[in-house]
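One structure is given here, and the rest of the page talks about it.
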Amino acid sequence: MTAPNVNTLWAKTLVAELVANGVDAVCLSPGSRSTPLTVAFAEHPEVEVFSHLDERSAAFFALGRGRRTGTPTPLVCTSGTAAANYHPAVIEANQSGVPLVLLTADRPPELIDSGANQTVDQEKLYGDAVRWYRDMPEPEAEPRKMRMLRTTAARALAASTGSDPGPVHLNCRFRKPLEPTRVPDDHPASVPDDWAGGDRAAEAGRDGPFVATSGGVTAPGEDAIERLQDAVTTADRGLLVAGPADDGLSADALERLANATGFPALADPLSDLRFGPHVDRLDVPVCAGYDGYLGTDAVAAWDDPEVVLRFGASPTSKPLRRYLRDADCRQFVVDPTGGWPEAEFTATDLVVADADATADALAADSLGRADPAWREQFATAERVHWDAVEAALDETYWEGGVLADATALAPDPTTLFVSNSMPVRDADRFGRPRTADLTALANRGASGIDGITSTALGAGSATDDPLVLVTGDLAYYHDMNGLLALGRCGVDATVVLLNNDGGGIFHMLPIEEHPTFDEQFRTPHGLDFEPTEALYDLDFERTTGREEFRERFTASLERAGTQVIEVRFDAGDSHAVRERLAERVADRLADT
Ligand SMILES: Cc1ncc(C[n+]2csc(CCOP(=O)(O)OP(=O)(O)O)c2C)c(N)n1
Ligand SMILES: [Mg+2]
């Protein structure tokens, strides 16, 4: 079959090559200039199509899928501001290393800056936020260009998923006709009758990818392993710190490293090491209450660690970041991308290598085990912290209590998405380690409160796990458009809406005392979110008190469909509970 015009040939070839390289889904948004790509994706039998009306939500949805799976879901939009609406998600994908492939349609080059409709400068639109950019040439039935097209598709995916994953942008220019209509033989967009079938790069392609790309794992150099071994074997007190990472240190590698060193492991909820069967298997404590005790006077009186091995991004917990800042010791940061994820500038060694490869190379030799008293200090602090949390849950309910309950009650397995602001911090401080396979995710690259719902639903669409989203009211408001994906993209979720009527996080800042605090920072809005039930495919439920929340949460996870469970709090009260708890932990630790 010969394509009816060169745009159709070009788009079909591009899509075929993406599919040959593993793409199996796409996020499409309506528009005219992108017609060739939209039709090629929509008609491909092996591509699952997620249709989004709002490009901003589309990009966050694709981000969620990429974050959950490590595989990009391409995005297609029309020219103009549509492409600019991808930008927030591109920034997040860049800063948290999530694969994303952006296919923006554009006009032919002579129309740039000409006053032509819906025409803007899309060249390098996302600046340095992409791993790779190509301004695609105009489609043409020409063998070398077709080979370039297929090679570019393979290269885009390789750049997006390689050792430093992230977004890739192909700006795709099309001249009319955009639809798959046959043009006369003498039309500039015509494809010669025998051409497409005759060139191996065009419709036929190859058996499999035109270019098969393979990456690899960056192994640590011998010098790095020697430095690590020297530091670890001579240390009585060491720590393993796993920060947020979608594909960081694995539980198996952590287990081997923890058992070889005897160092306590501090696991960020977003590290994938806070939850899972390994939690019971390690013979060192998997620490998760550190946000509650590292800032106390009792801990300040402990000896500093002598060595810290850090994996993943900078930890969510501020007390942990401060503790690492103040510890006078050797600090190794292991990062396969060489991204220096260390904003306190206290690292003494950067190891540019895969986390598991580094852990395994290190654990292969006998390292001598850390001082048991050091481990015991952490084990005791953990007990004090979690006892205090349990006691508080019996007495009162606060936003953090919801995170404690949601992480404790989520079925095994669950994909748990937590919004920025207080939900992720409360998940960090109150999400107790358990053996269930919870995949906790958040947008911590740029920590925006935009696109939270869409990212969560994207992550949920990519797995059979039940999906739980815990979000604040401003974040829920910010991405209400994203709720359309529930019905349109067939995603079910349990959404916990912590409604404290504004930005509760600002209570933690000195601005709380300033006269502008309420109007300009906390921004109480009084919005009633119940009407989202009538607009979107969801049931809206309001709860009060712990027991009712626990019942509804559990029931929601046993039901089909989406339930938004709103729990109302006074942000100041919740904050007071957090402070009381911190004091209690500090007092009890001082007594031990
Ligand atoms: C897009 C964006 N705008 C503004 C901010 C600044 N900001 C951080 S937290 C926050 C308040 C969030 O409120 P909510 O979602 O209700 O969570 P809460 O603070 O109540 O826990 C704001 C406005 C941001 N991070 N991202
Ligand atoms: Mg709020």
Condition broken by E342, with the remaining ones in (1) surrounded by 18 or more Cβ atoms within 10 Å (Cβ to Cβ); (2) modelled with pLDDT of 95 or more satisfied: (2)
Restricting the range 289-303 to residues that are assigned to a helix (DSSP H, G or I) and small (G, A, S), the residue that is nearest to P269 (Cα to Cα): G292
The one condition in (1) away from ligand 2 (no atom under 16 Å from the Cβ); (2) open to solvent by 60 Å² or more (accessible area, probe 1.4 Å); (3) not in a helix (DSSP H, G or I) that L527 fails to fulfil: (1)
The one condition in (1) surrounded by fewer than 24 Cβ atoms within 10 Å (Cβ to Cβ); (2) more than 12 Å from ligand 1 (Cβ to nearest atom); (3) under 19 Å from G248 (Cβ atoms) that M480 fails to fulfil: (3)
Some residue of the range 538-547 being small (G, A, S) and at positive phi: yes
Check on A253, open to solvent by less than 40 Å² (accessible area, probe 1.4 Å), free of Cβ contacts under 8 Å to residues at least 40 places away in the same chain and under 23 Å from A235 (Cα atoms): no
Unmet criterion (only one of (1) part of a loop (DSSP other than H, G, I, E, B); (2) more than 16 Å from ligand 2 (Cβ to nearest atom); (3) open to solvent by less than 40 Å² (accessible area, probe 1.4 Å); (4) not β-branched (V, I, T)) for W386: (1)
So V585, is it hydrophobic (A, V, I, L, M, F, W, C), in contact with a strand residue (DSSP E or B) (Cβ under 8 Å, 6 or more places away or on another chain) and away from ligand 2 (no atom under 12 Å from the Cβ): no
Filtered residues of the range 469-500 (kept if closer than 14 Å to R542 by Cα and either within 16 Å of ligand 2 (Cβ to nearest atom) or touching a Cys at 6+ places or on another chain (Cβ under 9 Å) (or both)): D473, V495, V496, L497, L498, N499, N500
The range 476-503 residues that are without any contact (Cβ under 8 Å) to a residue 40 or more places away in the chain and closer than 27 Å to S29 by Cβ, paired with ones that are open to solvent by less than 50 Å² (accessible area, probe 1.4 Å) and away from ligand 2 (no atom under 11 Å from the Cβ) (beta carbon under 6 Å, 6 or more apart): H478/D450
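The values are calculated or read from the model by the stated rules, or taken from the named source; none is laboratory data. Note that the coordinates shown come from a computational prediction; the quantities given were computed from them, not determined experimentally. Cβ atoms come from the backbone with ideal geometry, glycine included; neighbour counts cover every protein chain shown. Note: areas computed on protein heavy atoms with side chains; ligands, DNA, RNA excluded. Shrake-Rupley method; radii C 1.70, N 1.55, O 1.52, S 1.80 Å.
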